[in-house]
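Chemist: The structure follows.
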Amino acid sequence: MYISNDAAVALAKYLRKRPKTGEKQIFLAEKGRCRGKPISVRAVQKRVEHYAQESGVAVTCHRFRHTMATQLLNADADLVTIQELLGHSKIKTTQRYSKLLNLKAQRDYFKAMEVVMRQTSTNQLE
């Protein structure tokens, strides 16, 4: 798993405050009948939905995944790397998941055109 330095610092702070337990999972329920047990994927989804509604921001866990994939793609990450991070078995799923912004398309176009123009110039000199 890859995490940023900021996330690593926040995680370390959380683990210092988290009650001592033999549980290997990192995030535990803090109240209710599941207190001290690992939180489920659905619990995370519900929490995101709750805070999204409370804040008026239209966000979901699914949108977080799409955003991450798109930002990685637009930062020139390889599609196969993004596929691996998202856990997709088929590259076509990752392609649909990742939306190419015009900025990346524009960079790719100009980069390719520089190569074409150099090749054209070299061929004309011969």
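What follows is calculated from the coordinates using simple rules that are stated; it is not laboratory data. Computed from a predicted model, the values in this text were never measured in an experiment. No Cβ is skipped: glycine too gets one built from the backbone with ideal geometry, and neighbour counts run over all protein chains shown.
Chemist: Please list, by residue number, everything in region 50-64 whose backbone N is under 16 Å from a paramagnetic label point 7 Å out along Cα→Cβ of residue 86.
Modeler: The answer is 60-64, whose backbone nitrogens lie closer than 16 Å to the label point.
Chemist: Placing +1 at every Lys and Arg Cβ and -1 at every Asp and Glu Cβ, with all other atoms neutral, what dipole size does region 1-93 have around its Cα centre, in debye to the nearest 20? Mind showing how you got there, number by number?
Modeler: Numbers: 17 positive and 8 negative charges, 150 e Å.
Around 720 debye, computed over region 1-93.
Chemist: Label-point separation (nm) for residue 54 and residue 95, each offset 7 Å from Cα along Cα-to-Cβ?
Modeler: 4.2 nm
Chemist: Then there's this: Just to confirm the filter: which GluC sites (Glu not before Pro) across region 12-64 are DSSP coil and have at most 16 other Cβ within 10 angstrom of their Cβ?
Modeler: Qualifying residues, ordered by number: 23, 30.
Chemist: Once amide H atoms are built 1.01 Å from N in the peptide plane, which residues 5 or more positions from residue 28, or in another chain, come under 5 Å H to H?
Modeler: Amide H neighbours of residue 28: 39.
Chemist: Taking residue 24 as the anchor, which lysines have their alpha carbon closer than 28 Å to its alpha carbon, excluding any fewer than eight residues away along the same chain?
Modeler: Answer for residue 24, where 28 Å is the Cα cut-off: 13, 37, 46, listed by chain and number.
Chemist: Could you name the lysines in cross-link range of residue 104, using Cα to Cα under 24 Å and dropping any fewer than eight places away on the same chain?
Modeler: 90, 92
Chemist: Give me 27, 64 ranked fewest to most by other Cβ atoms within 10 Å of their Cβ, as a rough exposure proxy.
Modeler: Going from sparsest to densest Cβ surroundings: 64, 27.
Chemist: Mind telling me which of 17, 37, 90 comes out most flexible in a GNM of the chain, alpha-carbon contacts under 10 Å?
Modeler: 17
Chemist: Once label points are set 7 Å from the Cα along Cα→Cβ at both residue 42 and residue 5, what is their separation, rounded to one decimal in nm?
Modeler: 4.0 nm
Chemist: Restricting everything to alpha-carbon atoms, can you work out Rg to Rh for region 13-126 with a Kirkwood hydrodynamic radius?
Modeler: Numbers: Rg = 22.5 Å, Rh = 18.3 Å.
My calculation puts Rg/Rh at 1.23.
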